[in-house]
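**Q** Below is a structure I'd like to ask you about.
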Amino acid sequence: GSRFVCTSLPLDAAGTGCPLPPVPMQGGALPPEEELKATVLQLRETVLQQKETIGNQREAIRELTGKLSRCEGADGKSATGAWKNEVGKGKDTMGDLPRDPAQVIDQLSRTMQTLKDRLESLEHQLRANVSYAALPSDLREMLQRRLGDLERQLLSKVAELEDEKSLLHNETSAHRQKTETALNALLERVSELEKGNSAFKSPDEFKVSLPLRTNYLYGKIKKTLPELYAFTVCLWLRSSASPGIGTPFSYAVPGQANEIVLIEWGNNPIELLINDKVAQLPLFISDGKWHHICITWTTRDGMWEAFQDGEKLGTGENLAPWHPIKPGGVLILGQEQDTVGGRFDATQAFVGEMSQFNIWDRVLKAEDIMNIANCSINMPGNIIPWVDNNVDVFGGATKWPVETCEERLLDL
């Protein structure tokens, strides 16, 4: 019901449209500041005009696209005849413009790109006009002063940081020297105690004393354990610590800090840990008297037995069954290990004295355990024997000569 007249545009229309107003050059009777301001204002107005022109041409593109679409929607022959009749009545509105809407849009896109390039050229000219060289001399001096102030502040801050670094280094060196001095004095004291108590009547007639609940008093067995499928651990100990005597011994291996642990912590009963599995033992040894303790275990069904003063007080099974004791670990007297050989907790430390710590790679007979507790036989452990040169003490722990059986008679 309606017709549209399509006005053609010359191919070079994109290059001649939207001329840019000339930018006035600096000079004349105006001062440099005024010329710079006038140039900036003109450039801003030009940019605004270009933006408005671009917006108008976008509207024209949309309108022309709609018209071309409607023209293409009509029948080819009738549309051509209508165009010819329309052209006959007036001027030639199509000219050489391509009749493909895609080509028309492409032509207009190139026009828009030309306008964009000219706008970028204008912005580049604006930046060139506002250069450092065109700034007034007093403005350059002000910028130089500010740059100088910033440089001085930066140098001052660097000097402060250097002073702090030097002070921190001196404090660290002094603290390190103080710590090393204290450690050397402690080591000398331990060496003196070891030398003074090394002449025992027999290599096994000595005790380790751990009088304080700390995380640095402990003994260490020099030998380590092989892979074990059964064991018996026996020792003499005396403690009146409360609550709980702490950890008489612990054995840790890489990947398992609780491979073998004997511990009485807080108000809990004495516990035996193997591969972090727990069994509670019916032992009562915190009366301040010497007691002989033996614990047996075998990987077969995880069977265990607990002896106190030669008498079997408890037995059980399913304690880490079929788990062989791993070799190559660290055996500590008096502390519970959270990592191999370290990270002790003072609340879990053993307080008291111990002696005759022996380990066998088999389950001893009840008769042998009774004879050891009665001091009727001397049976050193075939894996870990209790001898002076196999036990080191640290942190103020001491070794003293003792005949355990004689001291036990004094407690009766």
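The values are calculated or read from the model by the stated rules, or taken from the named source; none is laboratory data. All values derive from a computational prediction rather than experimental measurement. Don't worry about glycine lacking a Cβ; one is built from the backbone with ideal geometry, like all the others, and counts go over all protein chains shown. The accessibility values were calculated without ligands, DNA or RNA, using every heavy atom of the protein model including side chains. Shrake-Rupley method; radii C 1.70, N 1.55, O 1.52, S 1.80 Å.
**Q** If you place +1 on the Cβ of every Lys and Arg, -1 on the Cβ of every Asp and Glu, and leave all else neutral, what size is the dipole of region 206-410 about its Cα centre, to the nearest 20 Debye?
**A** Values: 16 positive and 23 negative charges, 70 e Å.
Roughly 340 debye for region 206-410.
**Q** Here's something else I'd like to know. Let me cross-check residue 175: its accessible surface, 1.4 Å probe, with only protein heavy atoms counted, in Å² to the nearest 10?
**A** In the full protein context, residue 175 sits at about 120 Å².
**Q** Kindly flag which residue pairs out of 157/178; 289/399; 178/223; 326/365 have an alpha-carbon separation exceeding 30 Å in this structure.
**A** Over 30 Å Cα-Cα: 157/178; 178/223.
**Q** Between residue 171 and residue 301, what is the spin-label point distance in nm, taking each point 7 Å from the Cα along the Cα→C-beta axis?
**A** 6.5
**Q** Report, by chain and number, residues whose modeled amide H sits under 5 Å from the one on residue 329, excluding near sequence neighbours (fewer than 5 apart, same chain).
**A** HN-HN under 5 Å from residue 329: 225.
**Q** Between region 377-394 and region 326-345, how far is it from one alpha carbon centroid to the other, in angstrom?
**A** Here the answer is 18 Å between Cα centres.
**Q** Now for a different question. Per residue of region 246-255, in order, report the coupling 6.51 cos²θ - 1.76 cosθ + 1.60 (Karplus, θ = phi - 60°) as ³J(HN,Hα) in whole Hz, putting x for Gly and Pro.
**A** So the Karplus estimates, Gly and Pro as x, are x, 10, x, 7, 8, 10, 10, 10, x, x Hz.
**Q** Here is a follow-up. In Å and from the alpha-carbon atoms only, list the Rg and Dmax of region 252-368.
**A** Final numbers for Rg and Dmax: 14.0, 39 Å.
**Q** Computing the accessible area with a 1.4 Å probe over protein heavy atoms, can you report the carbon and sulfur percentage for region 282-401? It would help to have the intermediate numbers written out before the result.
**A** Numbers: 2540 of 4960 Å².
Carbon-and-sulfur percentage of accessible area, whole number: 51.
**Q** What number results when the radius of gyration of region 357-404, computed over Cα atoms, is divided by 2.2 N^0.38 Å? Could you put the intermediate results ahead of the total?
**A** Values: Rg = 13.0 Å, N = 48, 2.2 N^0.38 = 9.6 Å.
Compared with the compact-globule rule of thumb, region 357-404 sits at 1.36.
**Q** Continuing with the same structure: What is the local net charge at residue 281, summed over the other residues whose Cβ is closer than 12 Å to its Cβ (Lys, Arg +1; Asp, Glu -1)? Each step should come with its number before you reach the end.
**A** Working: positive: 312; negative: 264, 271, 305.
My count for the surroundings of residue 281 gives -2.
**Q** Taking amide H positions as placed in the peptide plane 1.01 Å from N, state which residues far from residue 314 in sequence (5 or more) or on other chains have amide H under 5 Å from it.
**A** Here the answer is 306, since their amide H atoms fall under 5 Å of that of residue 314.
**Q** Now for a different question. When the Cα centres of region 164-180 and region 278-315 are compared, how far apart do they sit, in Å?
**A** About 51 Å separates the Cα centre of region 164-180 from the one of region 278-315.
**Q** Here is a follow-up. Please compute the alpha carbon radius of gyration of region 297-365, then divide it by the globular-protein estimate 2.2 N^0.38 Å. Two decimals is fine.
**A** Details: Rg = 14.5 Å, N = 69, 2.2 N^0.38 = 11.0 Å.
This ratio for region 297-365 stands at 1.32.
**Q** Turning to a different aspect of this structure: With every protein chain kept in place and ligands, DNA and RNA left out, what is the accessible area per residue of region 299-397? Probe 1.4 Å, answer in Å².
**A** Numbers: 4200 Å² over 99 residues.
The answer is 42 Å² per residue.
**Q** When the accessible area of region 224-265 is split by element with a 1.4 Å probe, what percent falls to carbon and sulfur? Intermediate results must be reported in sequence, preceding the final value.
**A** Numbers: 650 of 1180 Å².
Heavy-atom surface of region 224-265 belonging to carbon and sulfur, 1.4 Å probe: 55 percent.
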